[in-house]
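A short reminder: the numbers here are calculations on the coordinates, not readings from a lab. It should be emphasised that the depicted structure is a prediction, and the values quoted were computed from it without experimental measurement. With ideal geometry, Cβ positions are generated from the backbone for all residues, glycine too; neighbour counts draw on all protein chains shown.
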Amino acid sequence: MDDIDVTQIPEPGLVVLDVTAHDEATAHAVIAVLEQTWATSGITPVQRVPGVPGVRARVHADIRRPVTPPDPLNSPYGAGA
């Protein structure tokens, strides 16, 4: 992973998270949970380094901007979906 620099976190509330997981599916699952809480960039391509266990990925998030939960009454799948 490249080093994090000041342009990626220019103000409070912005974070860069490096995720190390056993496999690609686990890394994607972790990022999916983060995306339900904060505004994120989405996952970067997952990297595997030969000889190093697991995979790595990075996500940028703005923890000042919580994700708005969907309105179940206006859901295209019906109330309570």
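For the reader, a short list of remarks on this structure follows.
- When the charge dipole of the stretch 14-67 is built from unit charges on Cβ atoms (+1 for Lys and Arg, -1 for Asp and Glu) and taken about the Cα centre, the candidate among HIS28, VAL59, VAL15 whose Cα reaches farthest toward its positive end is VAL15.
- Net charge contributed by nearby residues that have their C-beta within less than 14 Å of TRP38 (K/R +1, D/E -1): 0
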